[in-house]
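The values are calculated or read from the model by the stated rules, or taken from the named source; none is laboratory data. Not measured: the values here are computed from a predicted model. Cβ sites come from the backbone with ideal geometry, for glycine too, and all protein chains shown count toward neighbours. Note: accessible area is taken over every heavy atom of the protein model, side chains too, but ligands, DNA and RNA are not part of it. Shrake-Rupley method; radii C 1.70, N 1.55, O 1.52, S 1.80 Å.
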Amino acid sequence: MGNMKKLFMIAAMALLTVSAMAQRPQQELSAADKVMMDQYNAFIAGMGDVMPKLMELNDAYYKSNNRDSVSKLMEPYRKVLMEREKEYKEKYPSTALTAYLLRMETGRMSLEQMKGAYDKLDATAKETSAAKEIASEIAVLERVMPGKPAPEIAKNDLVTGKPFALSSLKGKVVLLDFWASWCVPCRKSNPHVKALYDKYNKKGFDVVYVADNDSNPQEALKAIEQDGIKKYHHVLRGLKYLKDANGKMTGFDKSEDVSERYAIHFLPTKYLIDREGNIIGKVTDEELDAKLKEIFGF
């Protein structure tokens, strides 16, 4: 997905998420979130030329067998939405609604940008659930900065079923690859990872894959087999879906979610970890090549 398309989806998701919150009973909302809803309603009142059509096309997108064509129809509306969101945030940087709009953008913001935007929020805005999530995100990012110890991963290996711990690989340089069976760019990068493993493994290089396939582990296993990556370490991210007595999804349990610990928002995302178990940093495929050459000398 291109950068502009990602931004379009982020912008649309921001208001669609708030719209979903509007359907919840008022007694379930905090006082700060009720303030946010009032601001949201005022914002939507000025979006009558965009939102009805965008919501209609959004529904069509998820029902369509040709999502690319629907997405093209959505683009002019998403562009207007993005522009008006940007205008709102610039004009009202301290509001509760701005906190919600920022929450949807944290995945593409640097730590310093996020802290700067959070600091501008007023006291009420900082009490919204969105602002609390931003604060948590800042705390996570501060824990996974270069030089920080890599958060532990202790799970059963998806392929072997045996216990696995990231800390057991201390003494090796480790690539931590967040991926999913349904992620096309992730799958396309696997031959590159395999080549690097073959080149550097005997010098102390290893690979850990974290699959975003908790709802269907069999699809991850199928992809692992197809891509020829069984010999590496594999775990699921650990996201649990919460449902009510009627089977309706009510939220998530992220207590064992590895992606949450590493502030993962897009796939693929790769971290490189040094021999002492400290984070070298996030890397693209090109940066990974250069970094491994720097580390191993060839």
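Worth pointing out:
- Reported count of residues in the stretch 122-164, each being open to solvent by less than 30 Å² (accessible area, probe 1.4 Å) and either outside any loop (DSSP other than H, G, I, E, B) or β-branched (V, I, T) (or both), is 12.
- Extreme residue, most open to solvent (accessible area, probe 1.4 Å), among residues of the stretch 197-215 that are more than 20 Å from K254 (Cβ to Cβ) and in contact with a helix residue (DSSP H, G or I) (Cβ under 6 Å, 6 or more places away or on another chain): K203
- Taking the criterion of being at pLDDT 95 or above and surrounded by 15 or more Cβ atoms within 10 Å (Cβ to Cβ), the residues of the stretch 103-119 that qualify are M114, K115, A117, Y118.
- If you go through the stretch 244-263 and pick out every residue that is over 13 Å from A150 (Cα atoms), touching an Asp or Glu at 6+ places or on another chain (Cβ under 8 Å) and at pLDDT 85 or above, you end up with 1.
- Within the stretch 33-61, tally of residues that are surrounded by 11 or more Cβ atoms within 10 Å (Cβ to Cβ) and not in a helix (DSSP H, G or I): 3
- When restricted to residues that are farther than 26 Å from K91 by Cα, within 25 Å of the chain's Cα centre (by Cα) and at pLDDT 85 or above, the stretch 28-58 contains 1.
- Checking S168 against (1) in a helix (DSSP H, G or I); (2) within 26 Å of A290 (Cβ to Cβ), the condition it does not meet: (2)
- Some residue of the stretch 203-212 being in contact with a Ser or Thr (Cβ under 8 Å, 6 or more places away or on another chain), in contact (Cβ under 8 Å) with a residue 24 or more places away in the chain and part of a loop (DSSP other than H, G, I, E, B): yes
- Neighbours by Cβ (under 8 Å, 6+ apart or cross-chain): first from the stretch 121-148, over 19 Å from M104 (Cβ atoms); second among the aromatic types (F, W, Y) and open to solvent by less than 70 Å² (accessible area, probe 1.4 Å): V144/Y262; V144/Y271
- Residue count for the stretch 87-146 under the criterion of being aromatic (F, W, Y) and under 29 Å from T269 (Cα atoms): the result is 2.
- Odd one out for H192 among (1) out of contact with any Phe, Trp or Tyr (no Cβ under 6 Å at 6 or more places or on another chain); (2) touching a residue at least 40 places away in the same chain (Cβ under 8 Å); (3) surrounded by 14 or more Cβ atoms within 10 Å (Cβ to Cβ): (3)
- Checked against the criterion of being within 30 Å of I279 (Cβ to Cβ) and either hydroxyl-bearing (S, T, Y) or open to solvent by 50 Å² or more (accessible area, probe 1.4 Å) (or both), the candidates K91, K72, K170 yield just one match: K170.
- Just one residue in the set K230, K270, K240 is at pLDDT 95 or above, of a type in the set (D, E, K, R) and farther than 13 Å from L158 by Cα; that residue is K270.
- The test for being open to solvent by less than 80 Å² (accessible area, probe 1.4 Å) and within 30 Å of I224 (Cβ to Cβ) holds for S64.
- In the stretch 152-187, of all residues being touching a residue at least 40 places away in the same chain (Cβ under 8 Å) and among the polar types (S, T, N, Q), the one that is farthest from N201 (Cα to Cα) corresponds to S181.
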